[in-house]
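One structure below.
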Amino acid sequence: MISKTNATENGTIKNKINLIISPIRYIENRAFLLSLFREKNTSMAKNTDTMEAPHKELQAYKEEVLNDYKLACISRETSLLGRREVLTGKAKFGIFGDGKELAQIALAKQFQNGDFRSGYYRDQTLMMAIGQLNVQEYFAALYAHTDIAHEPASGGRQMGGHFATRNLDENGEWKNLMEQKNSSADISPTAGQMPRLLGLAQASKVYRNHPELKNLEQFKKFTNGGNEVAFGTIGDASTSEGPFWETMNAAGVLQVPMVMSVWDDGYGISVSREHQTTKNSISDALSGFQRTKDTPGFEIFVTKGWDYVDLCLTYEKAVKIAREEQVPVLVHVKEVNQPQGHSTSGSHERYKSEARMQWEQDFDCIAKFKTWISELKDQDGKALITAETLEGIEKDAKKSVRNDKNAAWKAFTDNMQADLATAVQLMKNVVEESPNKVFISKDIEALEKAFEPIRKDVLNVVRGVIRKTRGEQNSHRTTLKNWLSQQLTDNADRYSSYLYSQSEKNIFNIEPIAPVYNDDSKEDGRIILKENFDKIFEKYPEALTFGEDTGKIGGVNQSMEGMQEKYGELRVADTGIRECTILGQGIGMAMRGLRPIAEIQYLDYLLYAIQIMSDDLSTVQYRTKGGQKAPLIIRTRGHRLEGIWHSGSPMGMIVNSIRGMHVCVPRNMTQAAGMYNLLMEADEPALVIEPLNGYRTKEPMPSNLGEYKIALGEPEVTKEGTDLTIVSYGSTFNLCTAAEKLMAETGMNVELIDVQTLLPFDVNHTIAESLKKTNRLLVVDEDVESGATAYILDQILVKQNGYYHLDSKPVTVSAKDHRPAYSTDGDYFSKPSVDDIFETAYNIMHESNPTDFPAL
Ligand SMILES: Cc1ncc(C[n+]2csc(CCOP(=O)(O)OP(=O)(O)O)c2C)c(N)n1
Ligand SMILES: [Mg+2]
């Protein structure tokens, strides 16, 4: 800084002006201007006749500083009032961004249209600074306002402090993401934002280097030559989580434009940093990631959360490196704090020492910012910005936040008040005619007197009135019941819509096309898959795949053989062994218009990724109420091989943890390929589990590869019969087919149904139709007892009313509760075998007709 000032003093004033206004040197110029303030060097400004240009710059800069101060005050006031709203009971829970304002303001200066954020609950100032959150919206979220016009992030579904931009239009189509600053939707699990961040950053790299995409018009809404930066934010304590390290390592390997900020306030709730981080410093711990001249890695910056000038300069440098060089950057922002403690759930006095509390006050970033501004002098040595100006800003901030808060509350309650008034009137009509009038009226009066009742309060009383007037001849009951029914419909939209896509491209809108067979040729399953992937890559330039061993050797089962040579390393890539971030790459890239196919090598290892699938991917549509999507396809293979770690089939766990995604369990590769073809046209995330023992099985070769599409949610009846309905899927279905041959030999005529997909499940109730004929049900599954079978039975017996058609008890065959043991015998005694399936089916027949089916 000093040397730059000296250098300009030695040059002519004219040179100085050129230096300041030249756009190419913008960053250096800003640094220079900032240095003027920092050094309180006013000598340059005293030369009045030649100083017009820099003077203007200084004025603009002064404005900028004042705007920053204003936003900091507004954001802080939002936190303070927000906490009060929770403590007085108007909102459920509050977690705020106080103490982190300044760093986020500095970061936001570098945030451009098309860029993405993947952060956490402290980022309200950042969201405000990039123009994607206003105070009223903040409070709307705190109150859980269900209208996206008021609470665009989640329609009141997420607790306050969980941010998101609306990246889809009302039809579920992508908006032009290059015309807005974007934030992927937050999730609460600490470090859960990390895997997705990797993919958001990687998308820029793909767009920059892809031979076709950058010139295609339809991708201009996602990128400008891959110049976009993905901004990550995380708290110091959350860096202890595995996904943080996995993401950082992968970003260093992939060299993607990611700027990772750590807001280091020294605590994760009550647990201080020395219990969290090696060397008590994340930048020290990560110092081995620092790139050198010869070895790529990270660029690492350390700054302080209260030092406005250093923060601004740091982010200028950091983001320039990430954007231009596509290098990941860590910005360790030390010395931030949390003036109000962690959240509304407790107070920090319980675990912070008095000295620490004092320090937090002394180093409050807004107080420090104010001191710094107050010390700026103009050319006459007078305060550049007066104390009155700053106090005026503070006062205005208080007032405007209060007004916005009140407006948010009014909007939140207005809508409910209207419903309340209608409900009360309808209930009074009912009660007028009721012999229990006096008794029931009390409930209605209590509701009328209640302080701002919510929907639950109203429906509680309405349902009570319906209950208490049951059996009465009361002409107004029907009207009240209709009103209730309409309320339940409206609230289903408020609270339960958009678990799946509601766009034109949801899976049910894609027309299936049957495979065509021109001749009798047969091929290994893997060849069918491979040739089909070839068609997919040809048809969709935005399609890309990655996973362990996926690239160079084309996958452990060779179903991508030759694809990397043909489509390049960008589109067919190897990754490190890191299932969680493979998923994250997929989520982030899918959120930016690409069509990733993420490969998890074996189903058993999906567990490393299941958290991120469950918490992030499967909730994207739901938690944004249709504001975002991530149409990612996950490929894996499983169910059968041998041994504890290679034969798992935890389908119950999977279907129950990823509602919001589709789960395809094809019995062979022809079906699998047809499912991929359908999914590529849809805009929804799905998991496809290829049957592990199907790669070398010969299957008839369809002639319309890449074209035929297998519908999801439609089981296939592969053999018709009248005695017993056998329901299964995947590899086990093939065992059922083998067992059926034995059954036929004994005179049994069974119907075999492959459900094909577990989510969705038999949408046309094909299985119930079958039960009408057979009146008997056997479900075969290789999950543990009561695993996927419990789900399947609930679907058939309860949802499809299958129980109604049964003449004998429904029966299940599952694997043993332990993991499957190694070797063929281990498999035989752990998983359902052809013999087990035959015997169980036969015993059902024996029970109903012991004459034709004598005991075995
Ligand atoms: C996986 C997971 N574990 C625990 C929590 C509960 N929790 C919420 S915030 C938090 C502390 C996070 O601290 P830090 O990352 O330093 O962020 P800060 O709140 O201090 O900004 C914890 C433990 C959680 N949300 N997710
Ligand atoms: Mg912390």
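Within the stretch 139-146, is even one residue away from ligand 2 (no atom under 16 Å from the Cβ), buried (at least 22 other Cβ atoms within 10 Å of the Cβ) and more than 29 Å from Asn491 (Cα to Cα)?
Among the residues of the stretch 139-146, not one is away from ligand 2 (no atom under 16 Å from the Cβ), buried (at least 22 other Cβ atoms within 10 Å of the Cβ) and more than 29 Å from Asn491 (Cα to Cα), which makes the answer no.
Working carefully through the options Asp294, Asp310, find the one that is acidic (Asp, Glu), more than 18 Å from Ala237 (Cα to Cα) and outside any helix (DSSP H, G or I).
Step by step, each of Asp294, Asp310 is checked, and only Asp294 is acidic (Asp, Glu), more than 18 Å from Ala237 (Cα to Cα) and outside any helix (DSSP H, G or I).
Among what's in the stretch 322-342 and is outside any loop (DSSP other than H, G, I, E, B) and more than 27 Å from the chain's Cα centre (by Cα), pick the residue that is nearest to ligand 2 (Cβ to nearest atom).
Out of the qualifying residues, it is Lys334.
Can you pull out the residues in the stretch 613-640 that are surrounded by fewer than 24 Cβ atoms within 10 Å (Cβ to Cβ), touching a Phe, Trp or Tyr at 6+ places or on another chain (Cβ under 8 Å) and more than 13 Å from Tyr500 (Cβ to Cβ)?
Thr636
State all residues of the stretch 343-364 that are more than 12 Å from ligand 1 (Cβ to nearest atom), surrounded by 12 or more Cβ atoms within 10 Å (Cβ to Cβ) and assigned to a helix (DSSP H, G or I); if no residue qualifies, say none.
Arg356, Met357, Trp359, Glu360
Met178 - would you say it is at pLDDT 95 or above, farther than 23 Å from Val86 by Cβ and within 16 Å of ligand 1 (Cβ to nearest atom)?
no
What single numbered condition from (1) at pLDDT 95 or above; (2) within 30 Å of Met258 (Cβ to Cβ) fails to hold for Cys73?
Result: Cys73 fails condition (2) only.
Let me spell it out: the conditions are (1) crowded, with 24+ Cβ neighbours inside 10 Å; (2) at pLDDT 95 or above, and Asn764 meets all of them except one. Which number is the exception?
(1)
Kindly evaluate Glu170 against the criterion of being within 21 Å of the chain's Cα centre (by Cα), part of a loop (DSSP other than H, G, I, E, B) and surrounded by 23 or more Cβ atoms within 10 Å (Cβ to Cβ).
No.
Identify the single condition in (1) over 36 Å from the mean Cα position of the chain (by Cα); (2) at pLDDT 95 or above that Ser823 does not satisfy, given that it satisfies every other one.
(2)
Which condition from (1) of a type outside the set (Lys, Arg); (2) modelled with pLDDT of 95 or more; (3) surrounded by fewer than 20 Cβ atoms within 10 Å (Cβ to Cβ) is the one that Asp68 breaks?
(3)
Given the criteria in a loop (DSSP other than H, G, I, E, B) and touching an Asp or Glu at 6+ places or on another chain (Cβ under 7 Å), does Pro832 qualify?
So Pro832 passes the test.
Which residue out of Arg157, Arg122 is touching a residue at least 40 places away in the same chain (Cβ under 8 Å), assigned to a loop (DSSP other than H, G, I, E, B), basic (Lys, Arg) and within 16 Å of ligand 2 (Cβ to nearest atom)?
Arg122
Tell me yes or no: at least one residue of the stretch 255-273 is outside any loop (DSSP other than H, G, I, E, B), more than 16 Å from ligand 1 (Cβ to nearest atom) and free of Cβ contacts under 8 Å to residues at least 24 places away in the same chain.
no
Got at least one residue in the stretch 296-312 being over 30 Å from Ala250 (Cβ atoms), crowded, with 20+ Cβ neighbours inside 10 Å and either among the acidic types (Asp, Glu) or out of contact with any Asp or Glu (no Cβ under 9 Å at 6 or more places or on another chain) (or both)?
Yes - at least one qualifying residue is present in the stretch 296-312.
Mind checking which pairs have a first residue in the stretch 184-198 that is within 12 Å of Met591 (Cα to Cα) and of a type in the set (Lys, Arg) and a second that is part of a loop (DSSP other than H, G, I, E, B) and more than 13 Å from ligand 1 (Cβ to nearest atom), Cβ under 6 Å, 6 or more apart or different chains?
Arg196/Ser184
What number of residues within the stretch 375-388 satisfy the criterion of being surrounded by 12 or more Cβ atoms within 10 Å (Cβ to Cβ) and in contact with a helix residue (DSSP H, G or I) (Cβ under 7 Å, 6 or more places away or on another chain)?
Of the residues in the stretch 375-388, 5 are surrounded by 12 or more Cβ atoms within 10 Å (Cβ to Cβ) and in contact with a helix residue (DSSP H, G or I) (Cβ under 7 Å, 6 or more places away or on another chain).
Here are some conditions: (1) in contact with an Asp or Glu (Cβ under 9 Å, 6 or more places away or on another chain); (2) free of Cβ contacts under 8 Å to residues at least 24 places away in the same chain. Glu388 meets all but one. Which one does it not meet?
For Glu388, the exception is condition (1).
Filter the stretch 71-91 down to the residues that are in contact (Cβ under 8 Å) with a residue 60 or more places away in the chain, among the basic types (Lys, Arg) and within 17 Å of Gly341 (Cβ to Cβ), then identify the one that is surrounded by the most Cβ atoms within 10 Å (Cβ to Cβ).
Arg76
The values are calculated or read from the model by the stated rules, or taken from the named source; none is laboratory data. Being a predicted model, the structure only gives us computed values, none of them experimental. A quick note on method: Cβ atoms are made from the backbone with ideal geometry, for glycine too, and the neighbour counts reach across all protein chains shown.
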